[in-house]
1. Considering only the range 100-121, state which residues are touching a strand residue (DSSP E or B) at 6+ places or on another chain (Cβ under 8 Å) and more than 19 Å from ALA157 (Cα to Cα).
2. Of these, ARG87, ARG82, ARG143, ARG160, which one is without any contact (Cβ under 8 Å) to a residue 24 or more places away in the chain, within 17 Å of HIS188 (Cβ to Cβ) and of a type in the set (D, E, K, R)?
3. Hey, any hits in the range 178-193 for a residue that's farther than 16 Å from LEU86 by Cα and of a type in the set (Val, Ile, Thr)?
4. If ALA144 satisfies all but one of (1) over 14 Å from ASP94 (Cα atoms); (2) of a type in the set (A, V, I, L, M, F, W, C); (3) buried (at least 20 other Cβ atoms within 10 Å of the Cβ), what's the number of the condition it fails?
5. Considering only residues that are among the hydroxyl-bearing types (Ser, Thr, Tyr) and more than 15 Å from the chain's Cα centre (by Cα), look in the range 103-134 and name the one that is surrounded by the most Cβ atoms within 10 Å (Cβ to Cβ).
6. Report yes if ALA180 is of a type outside the set (Phe, Trp, Tyr) and either more than 16 Å from ASP92 (Cβ to Cβ) or part of a loop (DSSP other than H, G, I, E, B) (or both), otherwise no.
7. What number of residues within the range 90-149 satisfy the criterion of being of a type in the set (D, E, K, R) and assigned to a loop (DSSP other than H, G, I, E, B)?
8. Counting only residues that are at pLDDT 95 or above and either out of contact with any helix residue (DSSP H, G or I) (no Cβ under 7 Å at 6 or more places or on another chain) or among the polar types (S, T, N, Q) (or both), how many does the range 68-91 have?
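The values are calculated or read from the model by the stated rules, or taken from the named source; none is laboratory data. Predicted, not measured: the structure shown is a model, and the values here were computed from it. When we count neighbours, we look across all protein chains shown, and the Cβ atoms used for this are built from the backbone with ideal geometry, even at glycine.
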Amino acid sequence: MRSRLALPGLLILVTLLVISAGACTKKTPPVARPIPPPPPPTAVAPAKPPAPAEPMKEPAMAPAASITEDKVSALTLDEINRNSPLRPVFFDLDRTDISAEAQRILDANAEVLKKNATWVITVEGHCDERGTAEYNLALGERRAVAARTYLVSLGIAGDRIRTVSYGKEFPFDPAHTEEAWAKNRRGHFVVTQK
């Protein structure tokens, strides 16, 4: 009778051992299947890099006498600025002082402004590409203010002359040469109201 009772108990014990052994085994992680490579790109011609910027050409300066009082009143601001009688002044490297040549140009610009007493202008200060953006913005502002101060000393009302600095952002000539840099160090005049 013992053997009858022992057999079911033994079966239960073996079953429990098998179940507990199965529960204790480590599960193997799933095997990662390799991802197929992406399809080869279609034959597309590589994009061309953008063409370098064209050098800005200095606007042709019309002599002040060619724009008469009658013609000026009929012109738009764009037309006046396209053939502006106001010539730019140029500066030496890291300088803001008005040279003798710049004084002659500003004297002529003052005469044009006196003849066109309603014009309001903006003097834009520009620099060459050398130096930090912050330095060039400050230098461009000092150049614009120097030109404005000189015009005011010639009798042009200060409220007719605004200043702005563009630093090295809008070069006349984008080349990286001394000649190009000399063109870019300037005070440029724009008629903003007539």
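1. GLU101, ALA102
2. Criteria check complete, one pass: ARG82.
3. Checked the range 178-193: no residue is farther than 16 Å from LEU86 by Cα and of a type in the set (Val, Ile, Thr).
4. In the conditions (1) over 14 Å from ASP94 (Cα atoms); (2) of a type in the set (A, V, I, L, M, F, W, C); (3) buried (at least 20 other Cβ atoms within 10 Å of the Cβ), ALA144 misses (1) alone.
5. Looking at residues that are among the hydroxyl-bearing types (Ser, Thr, Tyr) and more than 15 Å from the chain's Cα centre (by Cα), I get THR122.
6. no
7. Matching residues across the range 90-149 total 7.
8. 1
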